[in-house]
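Reading through the structure tokens given below for one structure.
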Amino acid sequence: MIRTALVTISAMLVLALPAQAADDGITAPKLRASVTVSSDVVRVGDLIDNAGSAAQVPVYRSPDLGTTGALPVAQVLSVLRAKQVIGVMTGDIKEVQVTRLARTLASKDLENAVTSALERRFGLGDAANIIVTFDRGISDIRLEASNTGTLQPVATRYDARGGRFDISFEINNDSNPAPTKLRLTGTAIETIEVAVLTRDVDRTEMLKSSDVALERRPKAEVTGEPAQRDRAIGMQLRRPMRAGTPIRIADIAKPEFVSRDQSVTVIYQVPGIYLTTRGKAIEGGAEGDTVSVLNLQTKRTLTGVVTGRGQVTVQGASQSAPMEPAVEHTSSLKRDEAPAPVDTAALLRSLVQAPNSPARIADAQIPQARASQAQAK
């Protein structure tokens with residue numbers, strides 16, 4: 001008690017006569033317009049400069065962590081006077097702003113701490129694909145400014161069936177040897193990015209850019225390999241699907257350009273020759289698929305490649321029916337006469353022309369080759 005009284009008397013002697021203190025070389029106490037504190041109390045030394053021995057005397061409870069409060073000057077002076085602190089110079093200050101420092105942990109920081117603790121554990125994948133929802137709708141958490149350490153997980157529990165997590169963290173504290181403890185609970189679900197339909201699409205429709213969007217969905221909801229958006233555009237569904245349905249690789253196929261039993265154009269193509277005729281598709285196929293077609297003139301079955309809608313191309317003579325064996329008539333040729341040139345048109349007509357029927361050759365007319373025969377001896 002005696003020591004406290006002496007401190008109070010000393011403070012009164014120092015602060016009571018600021019003018020005289022100035023004459024003696026002691027700076028007069030002066031009120032601050034803005035105050036920043038890190039503890040839970042505001043002291044005399046926080047409010048005024050040159051508080052002397054009264055600096056550690058508590059006068060106010062600090063604002064909440066990370067907030068600012070305002071004190072009218074008259075109220076501050078009244079409280080100081082009650083603590084035997086008088087003669088404070090205020091100048092033109094009307095109120096004192098008091099801010100309490102804090103360390104703020106944003107909700108995103110908390111999410112990152114949880115996903116990092118769960119990454120590649122309990123059957124989960126990368127942290128970037130884990131979505132966290134906290135219990136009680138946690139937004140931001142404010143801690144004492146002395147809590148400068150990182151969030152270190154010390155106990156992690158996760159239920160893969162329900163996606164529930166319960167993780168305890170510790171944070172090192174500069175002013176206290178014991179770390180600050182923090183416990184977070186909620187749900188954590190692994191997601192994947194999938195292409196989904198923006199509208200109902202029938203099996204026969206080709207997917208356009210506006211028909212497909214990217215969304216994140218729980219991984220457990222997507223069975224099979226999901227399709228990439230770029231790969232899905234321009235493809236055709238194997239079955240009708242509703243809007244919002246994730247698209248899998250197994251759900252899409254190249255558009256069918258030729259359907260079974262469809263009337264198609266058959267193109268015969270060899271270097272320098274281009275012929276067409278009508279045919280009937282025996283099987284369906286997309287562009288680039290190999291299908292069988294029936295030549296409606298010769299009733300022969302040919303194999304070709306789908307090159308367009310309703311169009312099948314047969315390349316080279318290897319696709320043709322076997323040729324009749326050539327008959328050698330050496331006796332009818334003069335010894336110094338060269339054999340007649342090969343009749344290419346006749347060869348191609350054997351592909352597209354039924355026996356004893358006129359040839360139907362599109363896009364080109366091939367004149368008949370003439371072979372002169374010598375008189376038989």
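Read-outs throughout are calculated quantities, based only on the coordinates presented, and are distinct from any laboratory measurement. All of these numbers come straight from a predicted model, not from anything done at the bench. With ideal geometry, Cβ positions are generated from the backbone for all residues, glycine too; neighbour counts draw on all protein chains shown.
Checking the table Lys30/Lys83; Lys108/Lys181; Lys254/Lys280; Lys208/Lys280 against a 23 Å threshold on Cα-Cα, which pairs fail? Each step should come with its number before you reach the end.
Details: Lys30/Lys83 16 Å; Lys108/Lys181 19 Å; Lys254/Lys280 21 Å; Lys208/Lys280 30 Å.
From the list (Lys30/Lys83; Lys108/Lys181; Lys254/Lys280; Lys208/Lys280), the Cα-Cα distance tops 23 Å for Lys208/Lys280.
Projected onto the charge dipole of the stretch 227-286 (+1 at Lys/Arg Cβ, -1 at Asp/Glu Cβ, origin at the Cα centre), which of Ser259, Leu237, Gly284 gives the Cα projection farthest towards the positive end?
Leu237
Relative contact order of the stretch 192-255, please, whole-number percent, based on alpha carbon pairs below 8 angstrom and at least 6 residues apart. All intermediate terms of the calculation are to be shown ahead of the outcome.
Working: 134 pairs, mean separation 28.8, N = 64.
Relative contact order here is 45 percent.
Spelling out what I want: for every residue of the stretch 102-115, take phi, set θ = phi - 60°, compute 6.51 cos²θ - 1.76 cosθ + 1.60 (Karplus), and round to whole Hz; glycine and proline get x.
7, 9, 9, 9, 5, 4, 5, 5, 5, 4, 4, 5, 5, 5
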